[in-house]
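To start, the structure under review is shown below, and the notes come after it.
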């Protein structure tokens, strides 16, 4: 374009056109870039807020929403896949540690002793009792009647999560096998399980979080839920805040443990355990985390 | 999943234990998984009595009381009659003259579990220690071993213990066992020669859950798991050569124990009682002549001391595995202990 002669009108037009082209290109790039960034944000919304309780425990404030619960290609008890509305609730970001459990005068039953390891070998009732002690320590109303061990979901204290709440929190809107996708190859970065745990528990929070910021949902210790376990419960489960069968001999345990195969670490994998109140039968693969209903004022 | 995994573990453990069963004939006896008719065993001639805890009405109020009866269940007497104090976990002294036990009492500070002893007729109650549990007698009846509570706050959890102490009846003083690390132990039992203890441990002393034996005067601890002694609540036979324990909610086992070698060994593990799945058996205790075992039996409930167990009764079995119920009122009858004397 360089020339030694005077500028013609064509030259001026040509230069202006270049400038306009460059400007349009810049605007387009900026626009597309913003659009992509916006699309990325739409795919992965920010995780829900984390609050710290009066006891100093971090809990994720889980928003209400619909859960596609179960897995049609999973075990029989994971079917049918069904929708359930889950009301907002709080759930511990980490499994209850031995240090945390030891804040109240209850003997630590853990096999793998270490303050930051999850409490293990705990029976369901002791986990529920811990919830009550934690409620009382914070001036909240305990959820569990210590005679019948029925849970009052309208009480504002701590309780074990329902099975549906647990799966909702684990999935964190994902519909994949694990909270990070379908492949087992990433499981080692998210969970302590049979392949990498070395036959024991590990300090909580060492592995990657799920999209909502929860640690160890797929491993370390499996976790007690409030529900009684019933294999065919999904066929009759209500579509709003399911609380499980009214009675049973086992309680639900969800999430993988240090002893689990990748299959048993799946988001939808279900199991039940019978060590509800018996010291002798307690299992060192089982721990828990606490939940709390977010009640409307 | 966990039950399946436990079952697999038990099968693998069974196959890997070095000959715990001496012959096939000694494998579990599944003859009677529920009580036989009362007349199947003649217990009327047994010259011993049984004391147990029972949740029953006294002076218009239901609470835990201690009752004594003949071996056939006849002539049952409530020896405590204290509607405001719960008495539980009775153990008769070797001469049959005294009973040690635990109480749950309300104080200004809250509920407290303590250890006491008294005469077999319920008179002469003496406190051994507050915040204590799981008492048992030494063979001469001059001392009571007990576990201190892990916390001053009340709990019924059986393994909430820290420190084994020996109370001298003559001086009223307690001294701690030489092994000060003993904790999370429950159901301690003193051997008839006075040299050993048996106990269950849960989540403590480096153990997951195990039946242990340890010397009365040394710090060593031996895990009996490798001999297929798994479960809880072990007891010695009167000659100290056998043990009995609960292998699960439904099984009571016996075995021979030998302390003559460098380390204790167990052989001839035998399932004496197996009850149906919806029911439970617990708290086995050898009769003074070693010919019978008394135990508690009832629908699924809380077997721990102070745990509610509606419908539970006391049973007696002979060593062939024949067993009958000797109480039928179902008033949460638990923790039977033989009294080696006639009325």
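The values are calculated or read from the model by the stated rules, or taken from the named source; none is laboratory data. Computed from a prediction, not measured in an experiment: that's the story for all the values here. With ideal geometry, Cβ positions are generated from the backbone for all residues, glycine too; neighbour counts draw on all protein chains shown.
Given the criterion in a loop (DSSP other than H, G, I, E, B) and either away from chain A (no Cβ under 14 Å) or over 27 Å from residue B:192 (Cβ atoms) (or both), identify the matching residue among B:90, B:83.
B:83
Has the range A:273-286 got any residue that is without any contact (Cβ under 8 Å) to a residue 12 or more places away in the chain and part of a loop (DSSP other than H, G, I, E, B)?
Scanning the range A:273-286 turns up at least one residue that is without any contact (Cβ under 8 Å) to a residue 12 or more places away in the chain and part of a loop (DSSP other than H, G, I, E, B).
Considering each of B:249, B:258 in turn, give the residue that is surrounded by fewer than 21 Cβ atoms within 10 Å (Cβ to Cβ) and within 13 Å of chain A (Cβ to nearest Cβ).
The unique qualifying residue is B:249.
Among the residues that make up the range A:89-101, is at least one of them crowded, with 23+ Cβ neighbours inside 10 Å, assigned to a loop (DSSP other than H, G, I, E, B), more than 14 Å from chain B (Cβ to nearest Cβ) and touching a residue at least 60 places away in the same chain (Cβ under 8 Å)?
yes
Name the single residue that is farthest from residue A:109 (Cα to Cα) among those in the range B:207-219 being in contact (Cβ under 8 Å) with a residue 24 or more places away in the chain and touching a strand residue (DSSP E or B) at 6+ places or on another chain (Cβ under 7 Å).
B:216
Let me confirm something: among A:237, A:268, which residue is more than 22 Å from residue A:96 (Cα to Cα), buried (at least 16 other Cβ atoms within 10 Å of the Cβ), touching a helix residue (DSSP H, G or I) at 6+ places or on another chain (Cβ under 8 Å) and touching a residue at least 60 places away in the same chain (Cβ under 8 Å)?
A:237
What are the residues in the range B:231-246 that are part of a loop (DSSP other than H, G, I, E, B) and either away from chain A (no Cβ under 14 Å) or in contact (Cβ under 8 Å) with a residue 40 or more places away in the chain (or both), if any?
Hits for the range B:231-246 are B:237, B:238, B:239, B:240, B:241.
Taking strands (runs of 3 or more DSSP E) that do not extend beyond the range B:140-229, which have at least 1 residues that are within 14 Å of chain A (Cβ to nearest Cβ) and crowded, with 24+ Cβ neighbours inside 10 Å?
Answer list for the range B:140-229: B:143-149, B:161-168, B:185-190, B:196-204, B:207-215.
I need the full set of residues from the range A:56-66 which are crowded, with 21+ Cβ neighbours inside 10 Å and in contact with a helix residue (DSSP H, G or I) (Cβ under 8 Å, 6 or more places away or on another chain), in order please.
A:57, A:60, A:62
Would you be able to tell me the number of residues in the range B:300-343 that are crowded, with 24+ Cβ neighbours inside 10 Å, more than 14 Å from chain A (Cβ to nearest Cβ) and in a loop (DSSP other than H, G, I, E, B)?
3
Can you tell me which residue within the range A:208-227, out of those that are crowded, with 20+ Cβ neighbours inside 10 Å and without any contact (Cβ under 8 Å) to a residue 60 or more places away in the chain, is nearest to residue A:131 (Cα to Cα)?
Selected residue: A:217.
Read through the list (1) surrounded by 24 or more Cβ atoms within 10 Å (Cβ to Cβ); (2) over 14 Å from residue A:217 (Cβ atoms); (3) facing another protein chain (nearest Cβ under 8 Å), then give the number of the only condition that residue A:280 fails.
All conditions are met except number (1).
The rows are residues; the columns are (1) in contact with a strand residue (DSSP E or B) (Cβ under 7 Å, 6 or more places away or on another chain); (2) at pLDDT 95 or above.
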position	(1), (2)
B:250	yes, no
B:254	yes, yes
B:268	yes, yes
B:278	yes, no
B:286	yes, yes
B:295	yes, yes
B:304	no, no
B:311	yes, yes
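Go through (1) farther than 25 Å from residue A:278 by Cβ; (2) within 14 Å of chain B (Cβ to nearest Cβ); (3) touching a strand residue (DSSP E or B) at 6+ places or on another chain (Cβ under 6 Å) and name the single condition residue A:169 misses.
(2)
Report yes if some residue within the range A:187-196 is assigned to a strand (DSSP E or B) and modelled with pLDDT of 95 or more; otherwise report no.
no
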